[in-house]
Amino acid sequence: MEEKALQRHGWFRQCLAGLKEAKYRDPSDEFVQSGTVRKFCLTFDLSWKVMRDLARRQDPAPDFIEASPRECLKAAYDLELIFDDRWYQMLSLRNALEQDYDGNLAAQSFDRIVKEYVPLFSAFAERAEGYLR
């Protein structure tokens, strides 16, 4: 499990690096918007799975194996890996973006993703790295 957790954390950091590139792109470009949304969703999904990996290190209970993203966020709060309620907003946004077929929500969310959520991902990445050592 340890190797898988390290690998997943590496993927998370790689996706985050790609997501950070969005701030240097034209936010009015539909392709940039859709790419940013996809990177955001993937980065979020990997982040909660890293949270699950770290929570399992603390409590390897079998029932935590099937933890939902919301449960993993709660566990991450308990472990002091995250401190901000905006993680629950990110979860809601990720869920809504999965159903955003016309791209309107993507266009509306671009600035929030780049300015608010990328720093939260970055802070989590640093704390998670400390737990993985």
Explain nothing, just the number: relative contact order of the stretch 1-117, from Cα pairs under 8 Å at least 6 residues apart, as a whole percent.
31
What is the diffusion coefficient of the stretch 63-127 in µm²/s, taking the Kirkwood radius over Cα pairs and the Stokes-Einstein relation at 10 °C with a viscosity of 1.306 mPa s?
122
Evaluated over the stretch 5-133, the Cα radius of gyration and Dmax, each in Å
14.6, 46
With all protein chains present, the stretch 60-133 has a carbon and sulfur share of its accessible area (1.4 Å probe) in percent of 50
Hey, quick one: spin label on R57, modelled 7 Å out along Cα-Cβ, who in the stretch 116-130 has an amide N within reach, i.e. under 13 Å?
125-130
Unit charges on C-beta of K, R, D, E only; dipole of the chain, Debye:
300
Lys/Arg Cβ at +1, Asp/Glu Cβ at -1, dipole of the stretch 1-106 taken about the Cα centre: which of Y24, V37, L105 is farthest positive-ward?
Y24
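The values are calculated or read from the model by the stated rules, or taken from the named source; none is laboratory data. Keep in mind that this is a model prediction, so the values were computed, not measured. When we count neighbours, we look across all protein chains shown, and the Cβ atoms used for this are built from the backbone with ideal geometry, even at glycine. Heads up: the accessible areas ignore ligands, DNA and RNA and are worked out on the full protein's heavy atoms, side chains in. Shrake-Rupley method; radii C 1.70, N 1.55, O 1.52, S 1.80 Å.
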